[in-house]
Amino acid sequence: LSAFTAVPTSQAAADDADLVALCEQLYGDYMEVPTAEPLAACQWDMAMIGANDETFSRATGKGVKVGVLDSGIDFNHPDLAPNIDVALSCSFITADDPLALDVEKADGDCSDKAAVQDYGDHGTHVATTIGAPINGFGIAGVAPEATIVGVKVCSAFGFCFADAVANGIRYAGDAGLDVINLSLF
């Protein structure tokens, strides 16, 4: 079900080293590396907003529930899984949506967790930017101790219909989420 494909550890380490070297070449003269996370050299976004070890000493998002209204969340993503509230996550893709995969269609039945899974990757990308933990793996999100709740309102193909979005916003309020993020279209 996961959009994330595991690669052998030795290959991943080689790929990570190449990526970090490229990022250092691209951004090294323009930004400081924001954290000690292995891929932090590529986090130009966090460097630009000043999200770094100093800011994390003051605020980490601990105790905050963030609803990511998007294409779902990859519950198995190794740099996000520790911060996901699977129980609260829910899909609002409707059964009559012709532009969604059948597995995504849950009509707000929050017990169908396979429907919340991210088959398009965008929701997972947004969720890691928000809440990837500081754990010595990958990157750090802007709120690395926040709880992430997947609220699926967009299909794997990027279609976000108004009724799904409205139902997702209503759900986020009813569930008592503190903040929602919509990165649609």
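Looking only at residues in the range 47-78 that are more than 30 Å from residue 114 (Cα to Cα) and small (Gly, Ala, Ser), which one is least open to solvent (accessible area, probe 1.4 Å)?
The residue in question is 51.
Go through (1) touching a strand residue (DSSP E or B) at 6+ places or on another chain (Cβ under 7 Å); (2) modelled with pLDDT of 95 or more; (3) closer than 17 Å to residue 168 by Cα; (4) not polar (S, T, N, Q) and name the single condition residue 97 misses.
In the conditions (1) touching a strand residue (DSSP E or B) at 6+ places or on another chain (Cβ under 7 Å); (2) modelled with pLDDT of 95 or more; (3) closer than 17 Å to residue 168 by Cα; (4) not polar (S, T, N, Q), residue 97 misses (2) alone.
Can you name the condition, by its number, that residue 170 falls short on among (1) farther than 29 Å from residue 20 by Cα; (2) touching a strand residue (DSSP E or B) at 6+ places or on another chain (Cβ under 9 Å)?
Every condition holds for residue 170 apart from (2).
Output the qualifying pairs, or none if there are none: Cβ atoms under 8 angstrom, residues six or more apart or on different chains, first residue in the range 74-87 and under 11 Å from residue 138 (Cβ atoms) and in contact (Cβ under 8 Å) with a residue 12 or more places away in the chain, second residue surrounded by fewer than 20 Cβ atoms within 10 Å (Cβ to Cβ) and hydrophobic (A, V, I, L, M, F, W, C).
Correct list of pairs: 77/4; 78/4; 78/137; 79/137.
Please enumerate the residues belonging to the range 79-91 that are over 18 Å from residue 119 (Cβ atoms) and buried (at least 17 other Cβ atoms within 10 Å of the Cβ).
Scanning the range 79-91 gives 79, 83, 88.
The values are calculated or read from the model by the stated rules, or taken from the named source; none is laboratory data. Small disclaimer: the values here were computed from a predicted structure and weren't measured. Cβ sites come from the backbone with ideal geometry, for glycine too, and all protein chains shown count toward neighbours. All accessible areas refer to the heavy atoms of the entire protein, side chains included, with ligands and DNA or RNA removed. Shrake-Rupley method; radii C 1.70, N 1.55, O 1.52, S 1.80 Å.
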